[in-house]
Amino acid sequence: MEIVILPSAADVDAAAADIVASLVLKRPDAVLGVATGSSPQGIYRQLAGRVADGAVSFAGASAFALDEYVGLDVGHPESYHSVIAREVCGPLGFDQARVRVPDGSAADTRKAAAAYETAIADAGGIDLQILGIGTNGHIGFNEPTSSLASRTRVKTLAPQTRADNARFFADPADVPTHCITQGLGTIFEARHLLLVAQGASKSDAIAHAVEGPVSSRWPGSILQLHPHATVILDEAAASRLELADYYRYAVANKPA
Ligand code: GLP
């Protein structure tokens with residue numbers, strides 16, 4: 001796992017955007033895993049600027065969202081279908097037909113989850129998965145004690161996650177109680193995991209994910225088992241890392 005600690009959240013956005021852009025420049029038909037939430041918004045803004053400048057194009061790329069609420073109309077502005085369309089698809093110029101979000105409105109959510117797994121496999125798997133992390137350590141919506149081998153499925157959102165996401169809704173009671181999320185086992189199969197975190201509210205989850213034991217108690221800790229995981233943090237998110245100086249040293253002395 002490579003841990004990169006940068007002075008500000010804007011630096012995190014730019015460094016993560018560099019990684020995404022360089023992949024897509026090399027492989028215009030790359031398959032990206034895209035996260036919602038606040039953490040990756042700056043990456044998408046950065047990339048949208050580069051698309052507008054003609055520096056990179058996502059027209060040939062595909063994307064799979066990590067998760068979707070269950071029981072929220074697809075047209076609701078906070079459904080992840082809407083968020084991905086508004087923040088990712090449109091600004092980055094993806095071909096809508098190549099962007100998938102789990103179907104949280106399906107009558108049979110189990111079937112929808114299985115279909116999502118099949119769609120990822122049919123696309124050849126995910127090349128680069130962008131991840132944020134919840135304050136309770138979740139990735140995607142894999143809440144604490146999610147099986148490290150889990151696949152795409154329905155999960156019950158933790159009260160902490162519902163409280164954290166209440167800022168997107170008019171009334172906290174409007175935050176759905178369930179979701180469909182890629183499983184930890186699904187996420188783990190992406191060829192490169194890129195997790196970003198900004199702010200002190202993430203410092204505990206980051207410390208557990210990066211330096212704690214690998215445990216379903218802190219789902220982000222599964223990154224420790226991955227052969228290619230990059231974690232990009234601002235100073236505040238990195239503030240509880242015991243070995244922060246070593247990570248800085250390793251980045252400064254990275255072989256060419
Ligand atoms: C969300 C999403 C995750 C996200 C996490 C952190 O609700 N399902 O994909 O990474 O929780 O959210 P934020 O980036 O808004 O702090």
Handout entry: Test: Ser147 is farther than 19 Å from Ser8 by Cα and either in a strand (DSSP E or B) or among the hydroxyl-bearing types (Ser, Thr, Tyr) (or both)
Key = yes
Exercise for the section: Go through the residues of the range 65-72 one by one and say whether even a single one is small (Gly, Ala, Ser) and at pLDDT 95 or above. Expected result: yes
Exercise for the section: Could you list, in sequence order, all residues of the range 225-253 that are within 21 Å of Pro40 (Cβ to Cβ) and charged (D, E, K, R)? Expected result: Asp234, Glu235
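One line per residue, one yes/no per condition, for (1) of a type outside the set (A, V, I, L, M); (2) surrounded by 16 or more Cβ atoms within 10 Å (Cβ to Cβ):
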site	(1), (2)
Gly140	yes, yes
Glu143	yes, yes
Ala149	no, no
Thr156	yes, no
Phe169	yes, yes
Gly183	yes, yes
His192	yes, yes
Completion exercise
Residue set Ala119, Ala97; condition surrounded by fewer than 16 Cβ atoms within 10 Å (Cβ to Cβ), without any contact (Cβ under 8 Å) to a residue 12 or more places away in the chain and over 16 Å from Leu223 (Cα atoms); output residue Ala97
Handout entry: Evaluation of Tyr69 against (1) closer than 17 Å to Arg191 by Cα; (2) within 18 Å of the chain's Cα centre (by Cα) (one fails), failing number
Key = (1)
Practice task
Give the residue that is farthest from Val12 (Cα to Cα), with candidates limited to residues of the range 189-227 that are among the aliphatic types (A, V, I, L, M) and more than 15 Å from the ligand (Cβ to nearest atom).
Solution key: Val214
Handout entry: the range 35-61 residues that are under 30 Å from Thr135 (Cβ atoms), paired with ones that are of a type in the set (S, T, N, Q) (beta carbon under 7 Å, 6 or more apart)
Key = Ser39/Gln198
Problem - Ala55 vs. criteria modelled with pLDDT of 95 or more, away from the ligand (no atom under 12 Å from the Cβ) and surrounded by 14 or more Cβ atoms within 10 Å (Cβ to Cβ) - result: no
Practice task
Could you tell me whether any residue of the range 21-30 is within 14 Å of the ligand (Cβ to nearest atom) and touching a residue at least 12 places away in the same chain (Cβ under 8 Å)?
Solution key: no
Exercise for the section: Kindly indicate the residue of the range 166-185 that is in contact (Cβ under 8 Å) with a residue 12 or more places away in the chain and near the ligand (Cβ under 10 Å from one of its atoms) and also farthest from Ala113 (Cα to Cα) among those meeting that condition. Expected result: Phe168
Fill in the blank from the handout: Considering residues that are touching a Cys at 6+ places or on another chain (Cβ under 7 Å) and of a type in the set (A, V, I, L, M), the number found within the range 98-143 is 1
Practice task
Could you please let me know if Gly71 is within 16 Å of the ligand (Cβ to nearest atom) and over 29 Å from Ile206 (Cα atoms)?
Solution key: yes
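Taking the criterion of being hydrophobic (A, V, I, L, M, F, W, C) and within 21 Å of Thr135 (Cβ to Cβ), would at least one residue in the range 19-30 satisfy it?
No, every residue in the range 19-30 fails to be hydrophobic (A, V, I, L, M, F, W, C) and within 21 Å of Thr135 (Cβ to Cβ).
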Practice task
Could you pull out the residue among Ser62, Ser38, Ser82 that is surrounded by fewer than 18 Cβ atoms within 10 Å (Cβ to Cβ), under 25 Å from Val231 (Cβ atoms) and either polar (S, T, N, Q) or more than 16 Å from the ligand (Cβ to nearest atom) (or both)?
Solution key: Ser38
Practice task
Hey, can you tell me all the residues within the range 119-162 that are near the ligand (Cβ under 9 Å from one of its atoms) and on the phi > 0 side of the Ramachandran plot?
Solution key: Gly140
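The values are calculated or read from the model by the stated rules, or taken from the named source; none is laboratory data. Remember, it's a predicted structure, so these values are computed and weren't measured experimentally. Methodologically, a virtual Cβ is constructed for each residue, glycine included, from the backbone with ideal geometry; neighbour enumeration extends over all protein chains shown.
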